[in-house]
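One structure is given below, encoded as structure tokens.
The values are calculated or read from the model by the stated rules, or taken from the named source; none is laboratory data. All of these numbers come straight from a predicted model, not from anything done at the bench. Note that we place each Cβ from the backbone using ideal geometry, even for glycine, and neighbour counts take in every protein chain shown.
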Amino acid sequence: MRGSGRVRELLSMARRLLRGERVGGGGYELECLREALGELRRKFPGKPESWLMRAAVRSFYVRRLGERSWLVEGIRELGDAYRAYRVYLSSSDGRYFCSCFTTSFGHARRRRVCTHIAAVIVWRSMQRLLAPYLKERP
């Protein structure tokens with residue numbers, strides 16, 4: 001689990017990005033994150049800003065496990081009860097599944113798309129958007 005200072009800092013940055021405000025430091029990484037969040041917003045138009053912010057913060061704590069599986073580190077400040085959550089992408093129907101679906105209130109999270117899954121979606125978008133920049137590095 002991560003420290004609350006870092007989480008607050010990331011939440012603030014995500015809020016500014018979502019509102020189109022300038023974020024100190026700039027750079028292509030932040031512009032890619034801004035674009036990834038825009039894609040997420042378009043994919044889930046009814047979701048509130050807080051949901052998008054949580055997804056943005058969680059995206060910093062995603063680790064790829066396999067071609068269709070990821071580990072999202074738990075963040076106590078965002079209400080996580082577990083150290084980590086596994087997210088899978090089904091090869092049969094292309095739907096995501098999160099291990100939080102098997103915990104308390106998992107049935108509600110399954111219906112509404114949890115922010116662990118949203119974080120993986122942002123992370124995957126970031127990987128795609130950053131790829132051209134990473135190829136340019138010596």
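Could you grab me the full set of residues in the stretch 5-22 that are under 15 Å from Val57 (Cα atoms) and not basic (Lys, Arg)? Passing the criteria: Gly5, Val7, Glu9, Leu10, Leu11, Ser12, Met13, Ala14, Leu17, Leu18.
Being assigned to a helix (DSSP H, G or I) and either over 28 Å from Lys135 (Cα atoms) or at pLDDT 95 or above (or both) narrows it down to one of Arg54, Arg34, so name that one.
Within the list Arg54, Arg34, the selection yields Arg54.
For the stretch 44-62, give me the residue count where each residue is more than 24 Å from Asp93 (Cβ to Cβ) and over 10 Å from the mean Cα position of the chain (by Cα). Of the residues in the stretch 44-62, 3 are more than 24 Å from Asp93 (Cβ to Cβ) and over 10 Å from the mean Cα position of the chain (by Cα).
Out of the stretch 40-76, which residues are surrounded by fewer than 16 Cβ atoms within 10 Å (Cβ to Cβ) and of a type in the set (Asp, Glu)? If the condition is that a residue be surrounded by fewer than 16 Cβ atoms within 10 Å (Cβ to Cβ) and of a type in the set (Asp, Glu), then Glu49, Glu67 are the ones that fit.
Please indicate, with yes or no, whether at least one residue in the stretch 7-18 is in contact with a Lys or Arg (Cβ under 7 Å, 6 or more places away or on another chain), part of a helix (DSSP H, G or I) and aliphatic (A, V, I, L, M). Yes: one or more hits. In the stretch 77-100, the residue that is surrounded by the fewest Cβ atoms within 10 Å (Cβ to Cβ) out of those that are of a type in the set (Phe, Trp, Tyr) and farther than 14 Å from Ala118 by Cβ is Tyr82. Counting only residues that are under 14 Å from the mean Cα position of the chain (by Cα) and among the acidic types (Asp, Glu), the stretch 1-43 holds 2 of them.
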